[in-house]
1. Being at pLDDT 75 or above and β-branched (Val, Ile, Thr) is the filter here, so list the residues in the range 17-43 that pass it.
Amino acid sequence: MWVVIAVVVVALAVMRALTPKQEAPAVQDGKTPTTEEGIKLRKVYGTVWISDPSLVAFKKMGTIPIRSKGGKK
């Protein structure tokens, strides 16, 4: 009985020592693309290679908080 408990304790200690340390992910910087004013927009029909693409619109995406499913608001 004591041998089994000792093996379990040693196994837990080894498992704890060998688990990798986890770090929280770093916050990423959002990079908004910029364009020059007055650039003529191209109309592209089909699949073609564009050497200088232009940005027509950009929507800033925010974060939505996670709500609990418990029903409390």
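The values are calculated or read from the model by the stated rules, or taken from the named source; none is laboratory data. Keep in mind that what you see is a predicted model, and the values were worked out from it rather than measured. All accessible areas refer to the heavy atoms of the entire protein, side chains included, with ligands and DNA or RNA removed. Shrake-Rupley method; radii C 1.70, N 1.55, O 1.52, S 1.80 Å.
1. Across the range 17-43, the qualifying residues are THR19, VAL27.
Listed here are the residues, each with its yes/no results for (1) open to solvent by 80 Å² or more (accessible area, probe 1.4 Å); (2) modelled with pLDDT under 85.
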position	(1), (2)
LEU12	yes, no
MET15	yes, no
PRO65	yes, yes
GLY71	no, yes
